[in-house]
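Each remark here refers to the structure printed beneath this line.
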There are 2 protein chains.
Amino acid sequence: MADAGARFHQLYETLRTRICLLDYPPGTQLSETVLAEEFGTSRTPLRRVLARLEDEGLLRSVHGVGTMVTDVDVHEMAQTYALRMELAQLAGMLDPVPVTPEVRAVLDALIARGDGLFAQPDPRHFAQLNLDYFRFGLSLTANQPLRDMSERLYIRTARIWLKSIPRMDLSDEIAVFRDEMAQTRRALAAGDTQAAALIRRAHISLSYARLSQT
Amino acid sequence: MADAGARFHQLYETLRTRICLLDYPPGTQLSETVLAEEFGTSRTPLRRVLARLEDEGLLRSVHGVGTMVTDVDVHEMAQTYALRMELAQLAGMLDPVPVTPEVRAVLDALIARGDGLFAQPDPRHFAQLNLDYFRFGLSLTANQPLRDMSERLYIRTARIWLKSIPRMDLSDEIAVFRDEMAQTRRALAAGDTQAAALIRRAHISLSYARLSQT
DNA sequence: ATCTGCCAAGATGTATACAACGCGCGGGAT
DNA sequence: ATCCCGCGCGTTGTATACATCTTGGCAGAT
């Protein structure tokens, strides 16, 4: 049978993806019982997953009431983006990894997906590509704590960003995103990880500015 | 009866303190059953606490083997300190809080404890004061995500630092610590939060240098 | 009609019995 | 003497029954 830890991880990522991709929008009430039935398990292991999601701030459980998907207020959003900017820059300074052809190949694959997305815009695919590109940026540093914390922060606010996409212009956002990837490719072609990090920082800042206009 | 969340939090802090203060040194094997009996509860709520400690990297549970207190290797230690230095500096730049007389009073109380510690050195009290002073430093920024992540990183390595204290000179370390607090007080007397953060960054760097010499 | 009190339903939190798993000891074959 | 198989014990993981809590609606008094 499959390893228990692997099963836990799969359950965790499944639920986290549903939250981040707005299958469960903020305010949605989840039922431990129905989720346990859906995944063919009992409440106990499921609660282990929900507990972790609650520790990460994505859920909130109240005794006798239910488990709700949390929302993020503008204040927390501003603080998180301010911190994410700094961490993005740090990713280019702390324990940078050498830019190998394999690294550039990964980025090229992401750019190709961006081209496909540009031809056929879709918010959900955009969100997925954005996450994958974010993780690629983290792969440029070998500092594991920095990677963990950055991803944690990203996950916490990604769904709010995705929720605001309809209010903005999807095609414009995709175009800006492709520009960022193209700039990053030029920086990595020169082997300049720090420049790539600064590009990322600038785009996080601009992204937040566009976000807060809505 | 006391709130369930409060009881959870108390259990969590109790166990975390025991781990950080080396009541449970790295490698110690914990038993869910005996811990549950000690706290007069069943395994279920206790496992909820252990799960969180495991997510934070302080414990590691293996099916059929046991739950062990984790150790931290030198590589992770270096990465964590490198990141902590940067975050300490950020605490003086992101969302700084005004330096009120109340803030200075809190620091004066910490300094007084430092004087008492100097007169009567004790590793355990030193560790506790160090944690409280660390949290005081975090109180100088209103950026909650930054505070959460910084504390998480600190907790993860504090016990390793404490474990190395016997190999260093306790009185010297306490003297250096008092110097840092005195410097910080001067910076805060001038209302310069950023200077206080830079002092903190410098001392984290020096502390790690002394630490890695052993 | 409105307000009040109570209860029933459904939610999460807890306790407990059982399953799955790994390690180590011990006996027997070689 | 040595190696190997097997089983027993303790551990964590899972399932389930029960306790506790909150909310909403209904019935009755005013």
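Throughout, read-outs are computed from the coordinates displayed, never taken from laboratory work. This one's a predicted model, so the numbers in the text were calculated from it and none came from an experiment. As a convention, Cβ positions derive from the backbone with ideal geometry for all residues, glycine included, and neighbour counts pool all protein chains shown.
Between residue A:97 and residue A:21, the modelled label-to-label distance comes to 2.5 nm, taking each label 7 Å out from Cα in the direction of the beta carbon.
Scanning residues 5 or more positions from residue B:59 or on other chains, those with amide H under 5 Å from its amide H are B:54, B:70, with H placed 1.01 Å from N in the peptide plane. Contact order, relative form, for chain B: 26 percent (alpha carbon pairs under 8 Å, 6 or more residues apart, mean separation divided by residue count). Working from Cα positions, state the angle (0 to 90°, nearest 10) between the long axis of helix A:193-213 and the longest principal axis of chain A. Orientation of helix A:193-213: about 60 degrees from the principal axis.
Peptide A:72-82 has a mean shielding of 3, counted as Cβ atoms of other protein chains within 10 Å of each residue's Cβ.
Dividing the convex hull volume of the alpha carbon atoms of region B:1-129 by its residue count gives 186 Å³ per residue. Shown for B:38, A:102: other C-beta atoms within 10 Å of each C-beta, ranked fewest to most, produce the order A:102, B:38.
Averaged over residues, the count of other Cβ atoms within 10 Å places the peptides A:88-101, A:140-153 in the sequence A:140-153, A:88-101, highest first. Across all directions, the average flat footprint of the convex hull enclosing the Cα atoms of region B:74-213 is 7.4 nm². Against the main long axis of the alpha-carbon atoms of chain A, helix A:74-90 sits at an angle near 50°. Placing a pseudo-label 7 Å from each Cα along the Cα-to-Cβ vector at residue B:179 and residue A:32 gives an inter-label distance of 5.4 nm. In chain B, the DSSP-assigned H stretches of four residues or longer account for a calculated mean residue ellipticity at 222 nm of -23500 deg cm²/dmol, using -39500 (n - 2.57) per stretch and the full residue count as denominator. Using Cα atoms only, what is the angle between the long axis of helix B:170-189 and the major principal axis of chain B, expressed in degrees (0 to 90) to the nearest 10? Approximately 60 degrees, to the nearest 10.
Counting neighbouring Cβ atoms within 10 Å and putting the fewest first, the residues A:125, A:63 line up as A:63, A:125.
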